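S.K.: The structure under discussion is supplied below as structure tokens; questions concerning it will follow.
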Amino acid sequence: MGKRTAARAFAMALNCTAQEGLSGGDACGACSCCRRIASGLHPDVRVLEPAGKEFRIDQVRELCRELALRPYEGRYRVALLAGAERLNPHAANALLKALEEPPERTVIVLTAPQGADLLPTIVSRCRQLRFKPIAARHLAAILERAHGVPAEEAELIAAMAGGSVTRALAMRGAGWMERRRRLLAGLAGLAGSPPLRALVLAAEFSRGRAEIEDLLALCASWVRDLAVVRVEPERVWNRDLRAELEAAAGRLPEEFALRAWSAIRQAERRLAGNVNPRGILETLFLELAAAGARRATAA
Ligand SMILES: [Zn+2]
């Protein structure tokens with residue numbers, strides 16, 4: 001179960017009308033209260049996401065004002081701050097008092113990839129629950145059954161989403177499969193080709209910071225498959241591209257995958273810093289082009 005799903009289930013357990021008082025049991029999932037929480041329509045359960053790249057201080061202030069009021073109809077008011085790692089210090093400070101002394105019958109839930117992503121002042125005021133990433137095959141099943149993602153696509157995305165349903169769904173924008181095919185074909189053609197080609201590919205794919213993370217995950221899946229296809233071809237993630245992967249693996253120098261892998265990790269680190277996304281892709285693609293050319297220069 002993902003963090004957001006768990007937070008919703010918690011809100012249901014606190015408010016389920018089929019339960020007498022707080023028995024500590026599970027929510028029924030069927031009463032009007034549970035159903036409205038599940039569909040995001042319950043007035044006492046608020047899910048707050050960043051307005052833009054970060055939570056704004058006025059978003060947090062507004063939430064705190066709301067929390068100070070009594071619940072409309074539920075037993076508890078529940079506020080879920082999804083992606084709390086994107087609370088900047090100002091917004092976080094505005095939240096501290098509510099975290100320290102929450103109004104009566106109020107529960108504030110914060111989700112984040114890891115505790116270390118939050119400010120220490122926040123963490124010290126929260127009770128922590130840790131979640132393991134969802135195994136890729138379970139994630140694929142969730143995507144298929146609960147979100148109607150076609151099987152082949154579900155497997156692919158699951159392999160790349162780092163065990164998070166939220167991330168997987170975000171990765172699956174319109175045209176994702178097509179864009180993925182273009183990128184991976186571009187990568188295959190890139191290795192060993194002149195630098196200009198790397199720059200053209202970077203220009204085509206550098207749309208924005210948010211997307212670069214997915215592109216890097218795609219690049220990593222391709223490089224991983226290049227290494228895997230030599231030894232266990234049936235275990236590649238990009239199954240629809242197996243023939244292309246085999247061809248590329250036969251053509252590229254053996255150390256290519258290793259160099260490409262470290263170039264991708266480097267790109268991820270630079271993305272975490274504040275480097276311009278296009279610059280990150282340019283550097284990465286130039287490195288891939290150079291890594292693929294090795295055999296030609298060595299021969
Ligand atoms: Zn219920």
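Readers should treat all values here as calculations from the given coordinates under stated rules, not as data from a laboratory. All figures in this text were calculated on a predicted structure; none of them were measured in a lab. Neighbour counts are summed over all protein chains in view; Cβ atoms, including those assigned to glycine, are modelled from backbone coordinates with ideal geometry.
S.K.: For the chain, list log₁₀ I(q)/I(0) at each q in 0.09, 0.10, 0.12 Å⁻¹, using the Debye formula over Cα point scatterers of equal strength and ignoring solvent, two decimals each.
M.R.: Log-scaled intensity ratios, in q order: -0.57, -0.67, -0.88.
S.K.: Name the residues of region 86-123 whose amide N is less than 18 Å from a point 7 angstrom out from the Cα of Cys31 along the C-beta direction?
M.R.: Inside the label zone: 105-107.
S.K.: Which listed residue (Ile108, Ala227, Ala9) has the Cα farthest towards the positive end of the charge dipole for the chain, taking +1 on Lys and Arg C-beta and -1 on Asp and Glu C-beta about the Cα centre?
M.R.: Most positive-ward Cα: Ile108.
S.K.: Another question, then. Work out how much length Asp58 to Asn274 would gain on full extension: take 0.36 nm times their residue separation and subtract the Cα-Cα distance, in nm to one decimal. Let's see the in-between values first.
M.R.: On the way: separation 216, 0.36 × 216 = 77.76 nm, distance 2.50 nm.
Here the answer is 75.3 nm.
S.K.: Residues with amide H under 5 Å of Leu48's amide H, sequence separation 5 or more or different chain, H placed in the peptide plane at 1.01 Å from N; which?
M.R.: Here Leu80, Leu81, Ala82 satisfy the definition.
S.K.: Can you run phi through the Karplus equation (6.51, -1.76, 1.60; θ = phi - 60°) for region 155-167 and list ³J(HN,Hα) in whole Hz, with x for Gly and Pro?
M.R.: Here the 3J(HN,Hα) series is 5, 4, 5, 4, 5, 10, 8, x, x, 10, 5, 4, 5 Hz.
S.K.: A further question on this structure: Taking Cα centroids, how far is region 93-170 from region 209-287 in Å?
M.R.: What the calculation gives is 26 Å, centre to centre.
S.K.: Please get the size of the charge dipole for region 173-298, origin at its Cα centre, with Cβ charges of +1 on Lys and Arg and -1 on Asp and Glu, quoted in debye to the nearest 20.
M.R.: Numbers: 20 positive and 16 negative charges, 36 e Å.
That gives a dipole near 180 debye.
S.K.: Taking 45 Å as R0, compute the FRET efficiency from the Cβ-Cβ separation of Glu255 and Ala210 and round it to 0.05.
M.R.: 0.90
S.K.: Give me the dipole magnitude in Debye, nearest 20, for the chain about the Cα centre, with unit charges on the beta carbon: positive for Lys and Arg, negative for Asp and Glu. Write down the numbers at each step before the final one.
M.R.: Values: 44 positive and 34 negative charges, 54 e Å.
Charge dipole, the chain, about its Cα centre: 260 debye, nearest 20.
S.K.: Enumerate the lysines that Lys97 could reach by cross-link, defined here as Cα to Cα under 29 Å, with residues fewer than 8 away along the same chain left out.
M.R.: Lys3, Lys53
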